[in-house]
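> One structure, as C-alpha cells, below. Some questions next.
The values are calculated or read from the model by the stated rules, or taken from the named source; none is laboratory data. Keep in mind that what you see is a predicted model, and the values were worked out from it rather than measured. With ideal geometry, Cβ positions are generated from the backbone for all residues, glycine too; neighbour counts draw on all protein chains shown.
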Amino acid sequence: MSVRNTPRQGRFVTFEGIDGAGKSSQIAAASKWASQAGWELVCSREPGGTPLGEKLRELLLHEPMHLETEALLMFAARREHLAQIIEPALARGAFVLCDRFSDATYAYQHGGRGLDAAKFAALEQWVHPTRQPDLTFVFDVSPDIAAARLVRGRADADKFEREQQDFFQRVRQAYLDRAASSGGRIVVIDAGQSIEAVCAAVLACLQERFG
C-alpha cells in the first residue's frame, strides 16, 4: 500500500543589497542547497519574472521617469509576478528564491530617491498585504567596495548602477533600517568578507531555518 507524503509548505527567500554586493553568487549557492534538499526550486527576479514584468524591467532600468511612476511600475510588475509565479509556486510547496522584492523598493525608491514612506506602505499593503518573504538576506557592503566590484563605465550600465556614492549610502542605510524593524525576517550578512565566508553564512542560515 502506498503512503501519500504530506506536501512541504512552500518557502519564499529573497536576496537584497546594493549593486555590487554579490547577490548572484549566493543565489547560485542557495539554489544548489535547495535542490540537494529535495525541494522543487523556482528562481526569479524583480523587477521581472514574467513576460510583462520583463518588459517593465527594461523601462524601469533604462528610461527616465517620475519617482512615483517608478514606484507604481515596480509594484505593477510585482503584482503580476506574485499572481503568475510566486503564489502558485508556494501553493504547490516549492522553494522560491527571488533576486529582490519589496525591500528593494523600500531601499531604492524610499531610501535612495526619497519616496514618501506612507506611499510605499500603501502600495505594499495594496499589492501584497499578507505576503512577505519567509527569509530575506541583505548583503551589506560599503558603497566603495561595491563600486570597485562593478565596471562603472560599461556601456550597458543601467540608471541605478550609474548613481553616485551618496545614493548607494542612502540605499544601504534604508536596508539596515528595514532589517532592524523586521522581527528577524531580514538577516544582514557582511558581504565584505570572502565569497566563501558569505556563502557559509547563507547556507548555515538556510539549514537553521528550513533544514
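> Looking only at segment 173-211, count how many residues are in a loop (DSSP other than H, G, I, E, B) and either of a type outside the set (Lys, Arg) or over 19 Å from the mean Cα position of the chain (by Cα) (or both).
Kept after step one, since they are in a loop (DSSP other than H, G, I, E, B), are these residues of segment 173-211: 181-185, 191-194, 211.
If we keep only those that are either of a type outside the set (Lys, Arg) or over 19 Å from the mean Cα position of the chain (by Cα) (or both) too, we end up with 181-184, 191-194, 211.
Matching residues across segment 173-211 total 9.
> Report every pair of residues separated by at least 6 positions or lying on different chains whose Cβ atoms are under 6 Å apart, first residue within segment 83-99 and in contact (Cβ under 8 Å) with a residue 12 or more places away in the chain, second of a type in the set (Asp, Glu).
Within 6 Å, the pairs are 94/40.
> Of all residues in segment 77-135, how many are in a helix (DSSP H, G or I), basic (Lys, Arg), under 17 Å from the mean Cα position of the chain (by Cα) and surrounded by fewer than 22 Cβ atoms within 10 Å (Cβ to Cβ)?
Of the residues in that region, 1 qualify.
> Pairs needed: first member in segment 26-51, among the aromatic types (Phe, Trp, Tyr); second member anywhere, modelled with pLDDT of 95 or more and not in a helix (DSSP H, G or I); C-beta distance under 8 Å; at least 6 residues apart or different chains.
Pairs found: 39/11; 39/94; 39/95.
> Separate question: Scan segment 13-54 residue by residue and report those that are out of contact with any Phe, Trp or Tyr (no Cβ under 8 Å at 6 or more places or on another chain), surrounded by fewer than 22 Cβ atoms within 10 Å (Cβ to Cβ) and in a helix (DSSP H, G or I).
Passing the criteria: 24, 25, 28, 29, 31, 32, 33, 35, 36, 51, 52, 54.
> Among the residues of segment 63-75, are any touching a helix residue (DSSP H, G or I) at 6+ places or on another chain (Cβ under 7 Å) and hydroxyl-bearing (Ser, Thr, Tyr)?
no
> What's the total number of residues in segment 52-62 that are free of Cβ contacts under 8 Å to residues at least 24 places away in the same chain and not hydrophobic (A, V, I, L, M, F, W, C)?
4
> Any residue in segment 186-207 that is touching a Phe, Trp or Tyr at 6+ places or on another chain (Cβ under 9 Å), among the polar types (S, T, N, Q), crowded, with 19+ Cβ neighbours inside 10 Å and farther than 20 Å from residue 76 by Cα?
no
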